[in-house]
Structure formats: structure tokens, C-alpha cells
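Written out below as C-alpha cells is the structure these notes cover.
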Amino acid sequence: MITLHNGGVYLVDGEVRHSHDMPACEARKNTMAAGILAAHNTSGDEKNLKIKFDAMVSHDITYVGIIQTARASGMKEFPLPYAMTNCHNSLCAVGGTINEDDHVFGLSAAKKYGGIYVPANQSVIHSFAREELAKCGGMILGSDSHTRYGALGTMGVGEGGPELAKQLLKDTWDIPAPEVVLVYVTGTPRRGIGPHDVAIALVGATFESGFVKNKVLEFVGPGLKSLSADFRCGIDVMTTETTCLTSIWETDEEIKKFYETHGRGADYKELKPGKVAYYDSMIEIDLSKMESMIALPFHPSNAYTIHEFVANAEEILAKIEADAKARFPKSTPDLTSKVKDGKVYADQGIIAGCAGGIYENIDEAADILRGASCGDGYFSLSVYPTSVPVSLELTRNGDSAALLEAGAVIKPSFCGPCFGAGDVPANNGLSLRHTTRNFPNREGSKPGEGQFSAVALMDARSIAATAANGGVITAATDIEYEPQHRPYAFDSGVYEKRVYRGYGHPQPETELILGPNIKDWPEMFALHDNLLVKLAAVIRDPVTTTDELIPSGESSSYRSNPLRLAELALSRRVPEYVGRSKACAALEADRRAGHVPAEIADVLSKVGADAGSTQFGSCVFAMKPGDGSAREQAASCQRVLGGMANICYEFATKRYRSNCINWGILPFTLDADAAFPYEDGDYVFVPGVREKIAAGIEEFPAKVIRQGGEVADVMLYVRGLTDNEREIILEGCLMNYKKAHLK
């Protein structure tokens, strides 16, 4: 289905070649990605880019913090179109008024600063961006990791909130020129194959090896003509799970039709690589060989064909049970009981969000379920159209009626099932979801309280086939049905009635409406000469997700209250972390007040350092932290609690590393073969850290002071900081940096 090719290749008039007379350095400029990045680069340096975006998008987990950061740093108005959607906390029944308080704040901010405000349940973030903001050759920055609009000819980038705050402050997104990977698509998918099948296969083929990490995926090839715009968008949004930087696709008549359907024909233009283009590596996708896929807990890359899974279900589910028990000792996972008489039974189906709730997914699911029944057993099916315009068309063409008649429930536009804030299964439930992620707790369970449930990702077509089969997991390719492919008619009327469009028309006299949960950031201090950190969490899992660093789900209700949210940091992975970090912060407060705690004095005496010039804080060690969400809170909560550093072998994503830097957390790495046998409670002393960061030195000889008093050497690195990132770290965080530059 999917083949990976290391080494560079040329694309010459649409055909792959392994050599050409044109030098690679010249042909590299002829990729679509290079052209779009160059058009948005303000640095004048083609190797070190400073990007300004055309538009931005945020949802209601992130926009309050972004605006609070930007206004604390001197922002007066939004300098580019900035859409704020309310699709993540619409149904979180936690905290009384706090969710709606944030929505009211968002509308007041849109009025004051000139923004676009999309009320709750009107659209999920990426649907609105596709419908209203994408344009061929453009770039959009979003505070959500699934900011991907490459199928529409728009390079979408998901980043943490501080990077959006920078754009609001007229700064740039700074990156070295990325490598570009050719994704060459051939063939035609069979009936029953949907975008999630292709996406899961792609993630499964690329994630573990890091084949495309921080690179751009460029989709071309004869197979694209067999894919609708919705199908392409459904694959594209999942490229985030490969850990690529962003994506871009060739555009054609199908994409032109998308723009015309949405009343924006002028935003279309043909995009394709130049006559001779060079790529750093290649992925081949043969659509004709695609199978119905399933991604099992606890990652979208844990991919199997549905046939392979069903044939080996007991063995595979037993491994997942063991993994779950190791992660969640208080739970009693039982998934092997789902296997009965050679069949595997699921308890729930969900079709939702930016990946699943797309019009064509639901339209074809309705064809599968037309005249069928979900049954009166434990299995249930919920469908969340991605926007009100999509819901309107599904209602008008009879799809919603067919789904309701079959026993499905139609729900409003909402991202909750993707991050654990809606449709939480029963204990030991197995939920099949056409959403983007199946990380631990993404279904909303609380394993710390002995609960456990699991999510497997599947395409909407196979979920519908499973529903029609009473919850028996079934590949859509195994059933007989005829998809009708009803054309989509976009009706913007509801947006015209409900969406506030204030870009270019700020009303500075508007007062921000601040509910009692909306708090300003606490004071953060500049980096000192030396740094002493105490290991408050040591995590040796191969990868640590942002969901583990700050849980998703109901915790996101507190995203506008930094101190309250910080109480939940690492709560589902290292529950002791918050208390340990608070203790470090208290000692640092005493040190700042001139009362050097005995604990600090004793440790510093072992390395001959002075407390007056040594900053003290907590530190997280993880092998590879930061996979998953772009939420800045994964880093900011550590900083609020007094966190000063992360130590790891590598960062899972650029966006998490950027979040650490923007919050003044030192992003230390180790050599791949370096030992780090240290544990919670050990100390790491980094002498001369401020001087070295300022000078651009990347090696940091450090000392580890064990709890027993033993002192060991360790070499830490901070590689590849830009000038701007160095200044941010020196000042203590992005807000401090901007304030310093305003003086």
C-alpha cells in the first residue's frame, strides 16, 4: 500500500526520476512548498526563514491565553485575519460559568481587536478554515496541531499559542528551511475505502521511524484525480500524526470546484511543482491496494488492516491490555472479552470532528446504514457534522433522516470526542472513532480512579458497516452497498447571521469581558547566570505525549486560569509532579527573598556555586516528549509551577520545543548514546548557562548531584536556537521579551 524511499528523487514533468542534469540545490526551489515558503519569508535568507502568515485560527482551549499573552506584550489590534472558533469546550460540564465566560471574552476580544468570532457549535476550527480562510498559495497558522489545509493548496501549520501571539505582535515564525518529501499517489481506492484508511496506513508507515519528522509532505501524482476534495482533506488533516511540519497538494479542477462551491472561486489557482523539482525522499501510495484499516490503542500509528486485526484479535488485544495495565496500575483492562466466536464486538461508534465529520464521510455512512439498524444492544453510534452548513445539507438531502432511522444520534459540531470531552464510553468499553487521535485517556476515562476504556480509529465507512452489523467490527469493503455521492451545496447563510466578522474594524473602546476564572499570567523571571534544577518527573516511556504533560478533556475547562490549570500538570502520568514542583518554587521564592534554603545551599556547596547567581527550579526528564497536541499548556503549566528545564534525547515535535522556549524552559537534549540513570529528587547544575545561551554556545557541561551526595558529569545540549529564541530564554519567556522591547 505504502512504500518509503530514502534518498533524493526528481519529479520531471510529473514523473519520478532518480537523477537529472539540474543540480538538486536549484531543482529544490521548484517544489510547491519552496515557492509558498519563499513568498511568505521576510528574512531574505532562503535557508533561515522568517514567515508571516495570511491568517490564523484558534479554538476555545487556546485563544484566551494567546490574547492575554499578546495584550500583556503590547498588542493593540489584530494585524491579520484571526478566527476564534468555539468547538472544544462547548459541552464540558465542569466549572460552572467558565466555558461560556471564555466565549464571551472571545467575542469581546474580536470586537476590541478586530477578529472573527465563530459561536459555539457553528463549526469546528478546521472546517471553518477550509470553508472561509484557505486559499491556494496561502499559509495559515493555528493553535491546534491539526492545522492542515494542504489539500486546498494552503500550507497550514499547528503551533503553540506563543507563536500565534508573535504574529499578533507582528513578529515572525522562524524555522530553518525544511526538507520536502514527495508523496507520489497512484491508483484508485475501492468502494468502502475512505480517507482514514489511507491516513492510518500512512501514519503507521512513517511515525515510528521519524521518516517525515519536521518535513513538508508534498502530494502529487495521477492518483489524486480519483480523490474528491473531501477525501483529500480527510487524509491531509491526519498528516499531523506522522510528525511532519506541514503539507501541500497539487490543485486541480476538483479543488477549483471546492472553492466555487464555497463562493470563493477567486481564491483558487493551479498549484503544481515546476518542470524539474527535487525532493529529499519519497513516499509512494498505491490507492488501489488500500485496505480497510484500524489504529489500535494507544496511537494512530498502531495500525493494522481490519482483516488482520480480526484474525489475530485475542493476541493483539492481550498486548494492549498488558500495555494498559502497565500505564494504569489502578485499572483492570479487559478487551479480550470483546472477542466472541471469532468476531470482535465494539461498544460505540463516533464519526466526528475535522477528520470524521466531513460531508462525504457522513453521506457515505448514511448510504451504508440506509434501511439498516444499529440494534438495541450495547453498541451506539453518534455523528457530529463538522459545521452547521454541512449539517444543513445532510438534513436537506435525507442523510440525517437515514442515520436517525437506523438508530444513530446526530449531534452538533464539536471536537470533544477527539480529546475526551464527549461520549465517554463505559468502563472497559471499546470505542471506534473517525477522529484524529486515540492516545491514552483521549476517550475521557480516568484511569487514576480505576476506570479504563479504549479508542480504536477507523474510517466512517467501516464504522457504519460495524453499526449495521450490530457492533461486530466489519470492514466496509466486505459489505454490499452503492454510494450515491450526493453533490454538496454550501449555504453560508447561517454564518452570515451568526459569525462576527470584525477584521479590519477594531473597536478599541470595547471593554474585555473577564469572567472570574480568566487570570493573568504570574510573574516570570529572567534567566540567571547559573541554573540548578531538581528532577520532579522522570519518564522513561519511548514517547511522552502532550496529553500526558497536561491532560485533555475536562481539564481544558481551566485553560484560562494558569494557576488552576497547572494543578493538573502530569496528573495522569506522574501525580507527584505538582507537589514536587511547588516545593521547588517555594525554595526559589525564599532564595529570591535573600533567605537561602539549606537544601539549595547544601547542593550548591558540592559544586562550589553561589546561591545569589543560581536560579532554582524543577525539571522534567522524558525520552522523547511532546508528541500530539499543540497546546502550549503542556509547557506553560510547568513554567507556572517553577519549571525551568526539560531534558530529553529528542523532542517529539517542533511545536512542543517551541512552546518550551517561548515559556523560558531550557530545551536540553542528550547525545543518543548518553546514559541518564538519574531519578526523581536528583539535581542538575548547569554553570554559566546565561552566558552560554547569549553567546550561542550549544554544549553545556553540567553536574548531576544525586540524593546520596554523589556528583557525576553530564553533557547537555541546546542546539539550533535562533537569535530571537535566545533572547526569549534570556528574558525568561516571550512576554518578558516583548515587554523589554517595548521599553
Checklist outcome for this item: Restricting to Cα pairs under 8 Å and 6 or more apart, the percent relative contact order of the chain works out to 15 percent
Checklist entry - How many angstrom lie between the C-alpha centres of the stretch 396-475 and the stretch 295-345? => result 16 Å
Checklist entry - Regarding the stretch 58-142, what whole-number volume in Å³ per residue does the convex hull of its Cα atoms give? => result 90 Å³
Checklist entry - In bins 5 Å wide, starting from 0, what share of all Cα pairs of the stretch 657-712 does each bin hold, as a percent? => result 4, 15, 21, 25, 21, 12, 3
Next on the checklist: Please list, ordered by chain and number, the residues whose modelled amide H lies under 5 Å from the amide H of HIS59; skip anything fewer than 5 residues away on the same chain.
Outcome noted: THR85, SER143
Item to check | Relative contact order %, the stretch 294-477, counting alpha carbon pairs below 8 Å whose residues are six or more apart | outcome: 30 percent
Item to check | 18 Å tail of the calculated P(r), the stretch 392-441, as % of Cα pairs | outcome: 44 percent
Checklist entry - Under a 5 Å amide H to amide H cut-off, with H placed in plane at 1.01 Å, what residues pair with SER618 once short-range neighbours are removed? => result LYS534, GLY643, MET644
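Write out the GluC sites (Glu not before Pro) in the stretch 1-51 meeting two conditions: DSSP loop, and at most 14 other Cβ atoms within 10 Å of their Cβ. Present the calculation step by step, with values, prior to reporting the outcome.
Details: sites: GLU15, GLU26, GLU46; in loops: GLU46.
Filter output for the stretch 1-51: GLU46.
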Checklist outcome for this item: Karplus-derived 3J(HN,Hα) from phi for the stretch 659-666 (6.51 cos²θ - 1.76 cosθ + 1.60, θ = phi - 60°), whole Hz, x at Gly and Pro, runs 4, 4, 4, 5, 9, x, 8, 5
Checklist entry - About its Cα centre, what dipole magnitude does the chain give when the only charges are +1 on Lys and Arg Cβ and -1 on Asp and Glu Cβ, stated in debye to the nearest 20? => result 1280 debye
Item to check | Kirkwood-type radius of the stretch 87-183, with distances r between different C-alpha atoms, in Å | outcome: 15.4 Å
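Hey, how much of the P(r) for the stretch 204-249 falls beyond 12 Å, as a percent of Cα pairs? Kindly include the intermediate steps, with their values, before the conclusion.
Details: 640 of 1035 pairs.
When every Cα pair of the stretch 204-249 is considered, 62 percent fall beyond 12 Å.
If you take the alpha carbon radius of gyration of the stretch 2-289 and divide it by 2.2 N^0.38 Å, what ratio comes out, to two decimals?
Working: Rg = 19.3 Å, N = 288, 2.2 N^0.38 = 18.9 Å.
That ratio works out to 1.02.
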Checklist outcome for this item: Stokes-Einstein D for the stretch 294-477 (10 °C, 1.306 mPa s, Kirkwood Rh from Cα pairs), in µm²/s, comes to 98 µm²/s
Checklist entry - Got a sec? How would MET22, MET238, MET84 order by Cβ neighbour count within 10 Å, fewest to most? => result MET22, MET238, MET84
Checklist outcome for this item: With no solvent term and unit scatterers on the alpha-carbon positions of the stretch 480-623, Debye gives log₁₀ I(q)/I(0) at q = 0.17 Å⁻¹ of -1.07
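With n ≥ 4 as the cut-off for DSSP H runs, can you work out [θ] at 222 nm for the chain, using -39500 (n - 2.57) per run divided by the number of residues, rounded to the nearest 500? Don't skip to the answer; put the middle values down first.
Values: 27 runs with 227 residues, N = 743.
Calculated from helices alone, the mean residue ellipticity at 222 nm is -8500 deg cm²/dmol.
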Checklist entry - Can you pull the three principal axis extents for the Cα set of the chain, in Å, largest first? => result 76, 59, 57
Checklist entry - For the stretch 413-504, what size does the Cα cloud have along each of its three principal axes, sorted from largest down, in whole Å? => result 50, 42, 17
Checklist entry - Using the Karplus equation 6.51 cos²θ - 1.76 cosθ + 1.60 (θ = phi - 60°), what ³J(HN,Hα) coupling, rounded to whole Hz, does each residue of the stretch 21-31 give in order, writing x for Gly and Pro? => result 5, 5, x, 4, 4, 7, 5, 4, 6, 9, 6
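Dipole magnitude of the stretch 260-314 about its Cα centre, charges +1 at Lys/Arg Cβ and -1 at Asp/Glu Cβ only, in debye to the nearest 20?
Values: 5 positive and 9 negative charges, 67 e Å.
Charge dipole, the stretch 260-314, about its Cα centre: 320 debye, nearest 20.
Going highest first, how would you order 170-176, 384-390 by mean Cβ packing within 10 Å?
Values: 170-176: 16.6, 384-390: 27.9.
Averaged packing, sorted descending, gives the order 384-390, 170-176.
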Checklist entry - Once the principal axes of the Cα atoms of the stretch 530-742 are found, what is the range along each, listed largest first in whole angstroms? => result 45, 40, 39
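In the neighborhood of ALA402, defined by Cβ-to-Cβ distances under 14 Å, what is the net charge if each Lys or Arg adds +1 and each Asp or Glu adds -1?
Details: positive: ARG370, ARG396, ARG486; negative: ASP363, GLU364, ASP367, GLU393, ASP399, GLU405, GLU482.
The answer is -4.
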Next on the checklist: As I understand it, the dipole of the stretch 530-742 uses +1 on the Cβ of Lys and Arg and -1 on the Cβ of Asp and Glu, about the Cα centre. Which of LEU563, ILE705, TRP663 lies farthest toward its positive end?
Outcome noted: LEU563
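Quick one: which of 343-354, 724-735 comes out on top by average Cβ neighbours within 10 Å, and what's the full order, highest first? Intermediate values should be presented prior to the final figure.
Details: 343-354: 25.3, 724-735: 21.7.
Per-residue mean Cβ counts within 10 Å order the peptides as 343-354, 724-735.
Which value, in debye to the nearest 20, describes the size of the charge dipole of the stretch 101-215 about its Cα centre when Lys and Arg Cβ atoms bear +1, Asp and Glu Cβ atoms bear -1, and nothing else is charged? Write out the running numbers ahead of the final one.
Numbers: 11 positive and 12 negative charges, 71 e Å.
With only Lys, Arg, Asp and Glu charged at Cβ, the dipole is about 340 debye.
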Checklist entry - Along the charge dipole of the chain, Cβ charges K/R +1 and D/E -1, which of ALA611, LEU381, ALA408 sits furthest on the positive end? => result ALA611
Checklist entry - Under a Cβ-Cβ cut-off of 9 Å, what is the net charge of the residues other than SER281 that fall near it, where Lys and Arg count +1 and Asp and Glu count -1? => result -1
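Taking a ≥ b ≥ c as the square roots of the Cα gyration tensor eigenvalues, with a/c under 1.5 meaning rounded and otherwise prolate when a/b beats b/c, else oblate, which class fits the stretch 1-50? Walk me through the numbers before you get to the answer.
Values: a/c = 2.38, a/b = 1.82, b/c = 1.31.
Prolate, because a/c is 1.5 or more and a/b exceeds b/c.
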Next on the checklist: Explain nothing, just compute: Karplus ³J(HN,Hα) = 6.51 cos²θ - 1.76 cosθ + 1.60, θ = phi - 60°, for every residue of the stretch 297-308 in order, whole Hz, x for Gly and Pro.
Outcome noted: x, 10, 6, x, 7, 7, 9, 9, 5, 4, 4, 4
Checklist outcome for this item: Filtered hits (lysines, Cα-Cα < 16 Å from LYS534, offset >= 8 within chain) -> LYS582, LYS606, LYS703
Item to check | Binned Cα-Cα distance frequencies in the stretch 340-434 - 10 Å width, integer % | outcome: 17, 49, 29, 5, 0
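Values quoted throughout were computed directly from the atomic coordinates according to the rules given, and no laboratory measurement underlies them. Model, not experiment: these values are computed from the prediction. All Cβ positions, glycine included, derive from the backbone under ideal geometry; neighbour counts span all protein chains shown.
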